[in-house]
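Quick notes on the structure that follows.
The values are calculated or read from the model by the stated rules, or taken from the named source; none is laboratory data. Just so we're clear, the structure is a prediction, and the values are computed from it rather than from any experiment. Note that each Cβ is placed from the backbone with ideal geometry, even for glycine, and that neighbours are counted across all protein chains shown.
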């Protein structure tokens, strides 16, 4: 089913004029808001789409109707309008877009480890206590070869983590 939810519709990615948007209408009220924002309030009254069960049963027709309306504007425009109306929606980002969004949200998605080292991706979870080891750059080729060989040659290594 890809990005679709098997028992909720629309709860999937849909095409807009310039890309994909993820929509998550978890109830009939959100769907009515979606239909209104799209300028098609009658969709919410259509027996094929009036309830979630009906929308799931007529998903292909629903997607066709929604993408017909979404195709007239860009993802950013729809996201702003839908979010303002209380409909969960967001762009499907590439990696650059995902990092940009994380920066805008203040999530600090990378660590700067100093000169000569590329920024590294930060763990997405923040703990109440600091990590035991500080973030470090990836090892240079061969940097840990000797310690790994030593670890592998020790028959008791199965009870200890790799260095």
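Output the residues belonging to segment 20-35 that are closer than 15 Å to residue 70 by Cα and either out of contact with any helix residue (DSSP H, G or I) (no Cβ under 9 Å at 6 or more places or on another chain) or modelled with pLDDT under 95 (or both).
Once the filter is applied, which keeps residues that are closer than 15 Å to residue 70 by Cα and either out of contact with any helix residue (DSSP H, G or I) (no Cβ under 9 Å at 6 or more places or on another chain) or modelled with pLDDT under 95 (or both), segment 20-35 yields only 22.
With the structure loaded, tell me whether residue 117 is within 16 Å of the chain's Cα centre (by Cα) and farther than 14 Å from residue 38 by Cβ or whether it fails that test.
On the way: within 16 Å of the chain's Cα centre (by Cα): no; farther than 14 Å from residue 38 by Cβ: yes.
When the stated conditions are applied, residue 117 does not pass them.
For segment 5-14, name all the residues that are surrounded by 15 or more Cβ atoms within 10 Å (Cβ to Cβ) and in contact with a helix residue (DSSP H, G or I) (Cβ under 8 Å, 6 or more places away or on another chain).
Applying the first criterion (surrounded by 15 or more Cβ atoms within 10 Å (Cβ to Cβ)) to segment 5-14 yields 8-14.
If the condition is that a residue be surrounded by 15 or more Cβ atoms within 10 Å (Cβ to Cβ) and in contact with a helix residue (DSSP H, G or I) (Cβ under 8 Å, 6 or more places away or on another chain), then 8, 9, 10, 12, 14 are the ones that fit.
So, residue 110, is that one in the same structural domain as residue 31 (by TED's automatic domain parsing) and within 21 Å of the chain's Cα centre (by Cα) or not?
Values: in the same structural domain as residue 31 (by TED's automatic domain parsing): no; within 21 Å of the chain's Cα centre (by Cα): yes.
Answer is no for this residue.
Could you go through segment 129-139 and let me know if any residue there is under 16 Å from residue 11 (Cα atoms) and surrounded by 11 or more Cβ atoms within 10 Å (Cβ to Cβ). It would help to see each step written out before you state the result.
Looking only at segment 129-139, we keep the residues that are under 16 Å from residue 11 (Cα atoms), and these are none.
Taking every residue of segment 129-139 in turn, none turns out to be under 16 Å from residue 11 (Cα atoms) and surrounded by 11 or more Cβ atoms within 10 Å (Cβ to Cβ).
I need a count of the residues in segment 100-124 that are in a helix (DSSP H, G or I) and exposed (fewer than 14 other Cβ atoms within 10 Å of the Cβ). So that I can check it myself, show each step before the final result.
Of all residues in segment 100-124, those in a helix (DSSP H, G or I) come to 100-104.
Filter once more, keeping what is exposed (fewer than 14 other Cβ atoms within 10 Å of the Cβ): 100, 103-104.
Selection size over segment 100-124: 3.
Could you tell me how many of the residues in segment 29-59 are part of a helix (DSSP H, G or I), surrounded by 15 or more Cβ atoms within 10 Å (Cβ to Cβ) and without any contact (Cβ under 8 Å) to a residue 40 or more places away in the chain?
The qualifying residues number 6.
Quick one: how many residues across segment 121-161 are within 22 Å of residue 95 (Cα to Cα) and at pLDDT 90 or above?
Qualifying residue count, segment 121-161: 1.
Look through segment 82-99, keep the residues that are assigned to a loop (DSSP other than H, G, I, E, B) and either in contact with a helix residue (DSSP H, G or I) (Cβ under 8 Å, 6 or more places away or on another chain) or in contact (Cβ under 8 Å) with a residue 40 or more places away in the chain (or both), and return whichever of them is surrounded by the most Cβ atoms within 10 Å (Cβ to Cβ). Write out each step before concluding.
Quick first cut of segment 82-99, residues assigned to a loop (DSSP other than H, G, I, E, B) only: 85-88, 92-94.
Next, only the ones that are either in contact with a helix residue (DSSP H, G or I) (Cβ under 8 Å, 6 or more places away or on another chain) or in contact (Cβ under 8 Å) with a residue 40 or more places away in the chain (or both) stay: 85-88, 92-93.
Working: 85: 14, 86: 11, 87: 25, 88: 14, 92: 16, 93: 16.
Checking each candidate, the answer is 87.
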